[in-house]
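This report refers to the structure that appears directly beneath it.
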There are 6 protein chains.
Amino acid sequence: MKSIGLIEVSGVTAAVDCLDIMCKSADVEFVTWERKLGGRLVTVVVEGQVSAVSAAVDNAVANAIKKPVSHAVIPSPHEEVVRLLKLSASRIKKKEGTK
Amino acid sequence: MKSIGLIEVSGVTAAVDCLDIMCKSADVEFVTWERKLGGRLVTVVVEGQVSAVSAAVDNAVANAIKKPVSHAVIPSPHEEVVRLLKLSASRIKKKEGTK
Amino acid sequence: MKSIGLIEVSGVTAAVDCLDIMCKSADVEFVTWERKLGGRLVTVVVEGQVSAVSAAVDNAVANAIKKPVSHAVIPSPHEEVVRLLKLSASRIKKKEGTK
Amino acid sequence: MKSIGLIEVSGVTAAVDCLDIMCKSADVEFVTWERKLGGRLVTVVVEGQVSAVSAAVDNAVANAIKKPVSHAVIPSPHEEVVRLLKLSASRIKKKEGTK
Amino acid sequence: MKSIGLIEVSGVTAAVDCLDIMCKSADVEFVTWERKLGGRLVTVVVEGQVSAVSAAVDNAVANAIKKPVSHAVIPSPHEEVVRLLKLSASRIKKKEGTK
Amino acid sequence: MKSIGLIEVSGVTAAVDCLDIMCKSADVEFVTWERKLGGRLVTVVVEGQVSAVSAAVDNAVANAIKKPVSHAVIPSPHEEVVRLLKLSASRIKKKEGTK
């Protein structure tokens, strides 16, 4: 996995808006989302080259319809982090019938 | 996917009311809903031509029995956003036995 | 689908009480319920002729052991609303082994 | 179904305590429980003759380690209420391999 | 089932700490846990002889890294309580492939 | 199972950051995570030699983008604690198709 970016915001509307901003402003791909943490929090995870991920996250933080609660860019995620994210994404791969 | 509209409101009653208003006031279709975010929040997503989606969302915001917490219109959603929404809608397609 | 009535109240006890009041005070049928929205909120949906649904909802609002958080009567729900409610009810039909 | 009693309290510990008190103080049986409403609320439902259910609920309200948030006795539940409770209990019947 | 002990605390970390304390301080066994009640609450249930269960719960209350929200010892649980706990534990038995 | 370390923090972004810090600062492995407790809480569990686990947890507490809500190191977890954690991890093993 390449670099990863994480954005956490209140509600699906703002999360979808963040993902749209990120993907339009840099070459990043959607990895997974988590949305049953309670307190209306939604996490969106993207991956790409580190410069693209940084630009994407910066743009979402600056321009989203709702200010993100937290965000992070992890340039070289440890393989155990990749493992956790693949687990989260596995239900997505399964639904899409790929991999 | 065409343009998308998102409305987020507290409770299923208001969410159903919003969907009814949106579909009666413009030519939009129900795409998916999310309702396990906690804090009673319910998200309804519709799609259609951009003018129809805008009219639908405006009408719901103006006339719903409860003021929506947030709303957005995304005229040309990025393909990764379409992918996320299709994932959310896949459990619906599955239940309806279509696609 | 006929007219629909929605009642939203805090807790299963009050929701069951509302359903009992609605069904005893007018000719309405249980359609579905939602109870994982967080914040203890429970939504009960019934259907019937518009006059019956109105009477049922009014009675529940007036006589329930706990004041409902919100309620609505939708006389002629749009087909997309019917679709959303059928999705919600599909897990019920499945459990009951009918339809 | 006979008369039903519902007790709603914060947490599984107090809910289990309520059920133990109810079953020891009157001839009632466990029907179902709901515990994913958010806000730590747990609902326990019992059934039996109306006098037994009333005594059971009264005892739990008076003696539980935590004061119940709400409670109700429904002497003659409408058949639609019985249907809703059977739906809630169906996952229990399924796990116990009976019915 | 023998006597049961219940401990309820905020978060999985403190719940795991409570279970470790209970099992190390007395001859009790893990029965089940509940962790989707909302509000971060986690319930841990153990069983054993009444003196062991009492000692275990007392130790956890006194020494846990976070003060439990509630706790209880039920020396002779009613068979309906045993039934509820077995239901809760059935997903565990299933995962462990035993019984 | 070796020693275990637990970190609990608000949100998936901070939890992923904690896991990355832990795995990069000491020789520990990801065991499981819990993320549906409500209140946005996410628990990450790692295992390893006691000195590695201690260093990992200390580093995450000191350097995470968000201060953890709670953390613990259990040098010699009781077998019942190992059993609980294996249950939590079993859905992970299942998804990864191992064991």
Checklist outcome for this item: Of the candidates E:ILE7, E:ALA55, E:LEU41, the farthest towards the positive dipole end of the range E:1-62 (Lys/Arg Cβ +1, Asp/Glu Cβ -1, centred on the Cα centre) is E:LEU41
Checklist entry - On average, how many beta carbons from a partner chain sit within 10 Å of the beta carbon of a residue in B:55-67? => result 1
Item to check | Buried accessible area, chains E and F (both chains, 1.4 Å probe, Å² to nearest 100) | outcome: 2300 Å²
Checklist entry - Lysine pairs, Cα distance under 16 Å, 8 or more residues apart or cross-chain: how many in chain E? => result 4
Checklist entry - Across peptide E:15-23, what mean number of C-beta atoms from other chains lies inside 10 Å of a residue's C-beta? => result 6
Checklist entry - Quick one: putting +1 on the C-beta of Lys and Arg, -1 on the C-beta of Asp and Glu, what dipole do you get for the protein assembly as shown around its Cα centre, in Debye to the nearest 20? => result 1200 debye
Item to check | the protein assembly as shown - percent of accessible surface contributed by carbon and sulfur, probe 1.4 Å | outcome: 49 percent
Checklist entry - What residues in the range F:38-53 lose 10 Å² or more of accessible surface when the other protein chains are added to their chain alone (1.4 Å probe)? => result F:GLY38, F:GLY39, F:ARG40, F:LEU41, F:THR43
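Can you give the net charge of the other residues whose Cβ lies under 11 Å from the Cβ of D:THR43, counting K and R as +1 and D and E as -1? Let's see the in-between values first.
Details: positive: C:ARG35, C:ARG40, D:ARG35, D:LYS36; negative: D:GLU8, D:GLU34.
Here the count lands on +2.
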Item to check | Local electrostatic count at F:ILE74 - Lys and Arg +1, Asp and Glu -1, tallied over other residues with Cβ under 9 Å | outcome: -2
Checklist entry - With a Cα-only, solvent-free Debye model of the protein assembly as shown, what are the log10 I(q)/I(0) values at q = 0.05, 0.08, 0.11, 0.12 Å⁻¹? => result -0.22, -0.59, -1.11, -1.28
Checklist entry - Comparing the chain by itself with all protein chains present, which residues of the range A:80-99 are at least 30 Å² less accessible (probe 1.4 Å)? => result A:GLU80, A:VAL81, A:ARG83, A:LEU84, A:LEU87, A:LYS95, A:GLU96
Next on the checklist: Can you give me the long-range amide H partners of F:ILE4? Hydrogens built in the peptide plane at 1.01 Å from N, cutoff under 5 Å, separation of 5 or more residues or another chain.
Outcome noted: F:ILE74
Item to check | Cα centroid separation, the range C:20-58 to the range D:77-99 (Å) | outcome: 19 Å
Item to check | Isotropically averaged projected area of the range A:1-52, using the convex hull of Cα atoms (one quarter of hull area), nm² | outcome: 3.3 nm²
Checklist entry - Residues of the range A:3-96: accessible area per residue at 1.4 Å, in Å²? => result 35 Å²
Checklist outcome for this item: Total charge of the residues flanking E:ASN59 in space, meaning their Cβ is under 13 Å from its Cβ, with Lys and Arg +1 and Asp and Glu -1, is -3
Item to check | Rotationally averaged projected area of the range B:3-96 (alpha carbon convex hull; nm²) | outcome: 5.7 nm²
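The values are calculated or read from the model by the stated rules, or taken from the named source; none is laboratory data. No experiment lies behind these values; they were computed from the predicted model shown. Virtual Cβ from ideal backbone geometry, glycine too; neighbours counted across all protein chains shown. With ligands, DNA and RNA removed, areas are computed over all heavy atoms of the protein, side chains included. Shrake-Rupley method; radii C 1.70, N 1.55, O 1.52, S 1.80 Å.
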